Structures are given as C-alpha cells and as structure tokens.
Amino acid sequence: TTLCIAQMGHALAVRSNDKLTIELNPFSNPYLLGAVLTTLLLQLALLYVPFLRDFFGTEELTLTELLICVGFSTVVMVWVDLEKLYCRWRPR
C-alpha cells in the first residue's frame, strides 16, 4: 500500500521539471488525475472489500496503519520537490 501510494504521488510530482507539486493545477491533466484516483480506490478495495481481501491475501489496515502508509509515501513527493528547489537555487 505504501509503495502504491508513493508511486501515485510520484506520478503527480513529476508532471513538471521545475514547478513544485503545489504550484501545479491538479486538474491540468485530468487523465492522470483519473488514473491516480482509480488506482488509489482499487488499492483501498484490495484492503477493505472482503472477497478481494480473501482472493489477494491482504489484511485490513487500521486508520493508524493507513496514515503511516500515507506518511511514508509522501517522502517521494517531498524528495522530488526538494530536487526541484535545489535546481532552482543552485548556482549556474
């Protein structure tokens, strides 16, 4: 779950080489946004829909565990944005 969320965050973060994620309009690429939201919903379905959970052998996560996954996943987005800031501020 952490890797899935991290990859979706990465996809959103690398839409621009120089603008930070928060500087970008989230609706500028509706197809990407749709793909990210669909992927996240499917991931949550794997965790919380009983027959999918049984089929894939996953376990239901508590809210705390899910928040931990989201927290660790944000590291990827933050890293990408830190790289962008470094490229902005470094001497040429």
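No value in this document is a laboratory result; all are computed from the given coordinates. From a predicted model like this one, the values you see are computed outputs, not experimental measurements. Cβ atoms come from the backbone with ideal geometry, glycine included; neighbour counts cover every protein chain shown.
Remarks
- Charge-dipole axis of the chain as Lys and Arg at +1 and Asp and Glu at -1 on Cβ define it, positive-most pick from V36, V76, N25: N25
- Span-rule helices in the chain, defined as complete DSSP H runs reaching 18 Å or more along the axis (Cα) with Kyte mean at least 1.6: 30-48
- Cα-derived Rg over Rh, computed across the chain with Rh taken as Kirkwood radius: 1.08
- The chain, relative contact order [Cα under 8 Å, separation at least 6], %: 48
- Residues F55 and R90, FRET efficiency given R0 of 41 Å [Cβ-Cβ distance, rounded to 0.05]: 0.25
- The chymotrypsin sites (Phe, Trp or Tyr not before Pro) of the range 1-67 meeting both criteria, a DSSP state outside H, G, I, E and B (loop) and at most 15 other C-beta atoms within 10 angstrom of the site's C-beta, are F27.
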